[in-house]
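Quick notes on the structure that follows.
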2 protein chains.
Amino acid sequence: MTTPAPTDQAPASQGDWLRLDQQICFSLHAASRAFNGVYRVVLKDLGITYPQYLVMLALWEHGDLPVKKLGEHLRLDSGTLSPLLKRLEAAGLVRRERSARDERSVEVRLTEQGVALRERAVQVPRRITASTGFDIEEIRELRTRLDQLTSMLDAAALTETPGCE
Amino acid sequence: MTTPAPTDQAPASQGDWLRLDQQICFSLHAASRAFNGVYRVVLKDLGITYPQYLVMLALWEHGDLPVKKLGEHLRLDSGTLSPLLKRLEAAGLVRRERSARDERSVEVRLTEQGVALRERAVQVPRRITASTGFDIEEIRELRTRLDQLTSMLDAAALTETPGCE
DNA sequence: CACAATTAAATTGCGCACAACTAAATGGCG
DNA sequence: CGCCATTTAGTTGTGCGCAATTTAATTGTG
């Protein structure tokens, strides 16, 4: 009775909506995990995880950064970064040092090993890109779409926050 | 063409590659988390998480399912599903029953409460869709792209498995 | 100067994802 | 029939993501 049974090109019953929705949210969820899986394989050589790789990319690009700035680049908070950075430190790739100027702040610095790892990481993008089967242009387009989606969703999360309606 | 460097303008140094890579993988990572964040807000009313919502969608659409089938629909293994289903059971939304026919299998069944929750869930897709700011067609296109990406990555993960290169 | 508000990290707690392993039931094959 | 490989769930351990809280340093204000 409440069961869907779409009448031809019917005006989307409630059941249809739930099915459509599953496809949308599920697709992104699955894609993200699939991507993660390929990175896991490729990064195994380097001995780091995918989120750790993102941190290293940020450091290679911008140089030493305080945890705060790192979090802004990656959209991650200290709850996620603190333990992750400890693991990178244990692996000998970074050091964490309290800033002398502002004792609240912790500077994340690449060690020599961390800098050296970059040489072995340069092969990663090509392997990943090859895995997608997409060409540069397709990837660029998808990225643009996703960034657009992210900024929309971030904005929506603010207005949707409980108590703000 | 081992190196698909766009020689026409930017020579794409190794640094450029890493920067590009950061943008690509980061975009997907960020989009996935942003999506998750909006779902977290919207699903708070229903008292379930995003992955739990995916399980409920599968059950609403296909009816009772063994854990195995559920995992195939969602691409999740028992390591993820077992504790998740326990929480759904504790919330009174599903029951888990050993199949009489095959004692290895566990049937996941919707409770009355689980069925009833569907009525309150039908509003979710519209709220999510509104949050994206995309129209139906844009979403469909993005979904297609993501599904394509996922199947490519899944295939690649198999051939990239350690020991296969 | 004293004191409240703000800021930066870290910590705690919960849930998800996944690899690796265990336990139990089933099916096949000699 | 008896034994072994396979199948299905569950368990364990590690790491990520995030909300909420805590601690310490800094800033702002009277």
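Summing Cβ point charges (Lys, Arg +1; Asp, Glu -1) relative to the Cα centre of the stretch A:18-122 gives a dipole of roughly 240 debye. When the Cα gyration tensor is reduced to axis lengths a ≥ b ≥ c, the ratio a/c stays below 1.5 for the stretch A:54-105, which is therefore classed as rounded. Each part reduced to its alpha carbon centroid, the stretch A:75-92 and the stretch A:105-158 end up 18 Å apart. Looking at the stretch A:18-122, the pairs of alpha carbons with a distance over 20 Å make up 46% of the total.
Along the axis of the charge dipole computed for the protein assembly as shown (Cβ charges of +1 for Lys and Arg, -1 for Asp and Glu, origin at the Cα centre), the listed residues B:Thr132, B:Ser151, B:Ser78 are led at the positive end by B:Ser78. Given R₀ = 56 Å, FRET efficiency for B:Lys69-A:Glu112 by Cβ-Cβ distance, to 0.05? The computed FRET efficiency comes out at 0.65.
When the Cα gyration tensor is reduced to axis lengths a ≥ b ≥ c, the ratio a/c is 1.5 or higher for the protein assembly as shown, and with a/b above b/c it is classed as prolate. The GluC sites (Glu not before Pro) of the stretch A:90-135 meeting both criteria, a DSSP state outside H, G, I, E and B (loop) and at most 12 other C-beta atoms within 10 angstrom of the site's C-beta, are A:Glu103.
Here the dipole of the protein assembly as shown is about 1100 debye; that uses its Cα centre as origin and unit charges on the Cβ of Lys and Arg (positive) and Asp and Glu (negative). Partner shielding of B:116-126 amounts to 3, given as the average count of beta-carbon atoms from other chains within 10 Å of each residue beta-carbon. First select every other residue whose beta carbon is under 12 angstrom from the beta carbon of A:Arg33; then total the charges, Lys and Arg +1, Asp and Glu -1. Within the 12 Å Cβ shell, the charges total 0.
Ordering A:Gly114, A:Trp60, A:Ala90 by Cα displacement along the dipole of the protein assembly as shown toward the positive end leaves A:Ala90 in first place; charges were set at the Cβ atoms of Lys, Arg (+1) and Asp, Glu (-1). If you take all other residues with their beta carbon under 15 Å from the beta carbon of B:Val94, and give Lys and Arg +1 and Asp and Glu -1, the sum is +2.
Amide H to amide H distances under 5 Å link A:Thr111 with A:Val94, A:Arg95, where only residues 5 or more positions off or on other chains count and H is placed in the peptide plane. Is the shape of the stretch B:66-165 best called rounded, prolate or oblate, per the rule: a/c under 1.5 gives rounded, else a/b larger than b/c gives prolate, else oblate, with a ≥ b ≥ c the square roots of the Cα gyration tensor eigenvalues? It is oblate, given that a/c is not under 1.5 and a/b is not larger than b/c. Sorting A:Ser78, B:Ser131 from the fewest to the most surrounding beta carbons within 10 angstrom yields A:Ser78, B:Ser131. As a proxy for reagent exposure, A:Leu146, B:Leu85 were ordered by neighbouring Cβ count within 10 angstrom, fewest first; the result is B:Leu85, A:Leu146.
No lab work stands behind these numbers, since they all come straight from the coordinates. Predicted model only: the values in this text are computed from it and were never measured. Don't worry about glycine lacking a Cβ; one is built from the backbone with ideal geometry, like all the others, and counts go over all protein chains shown.
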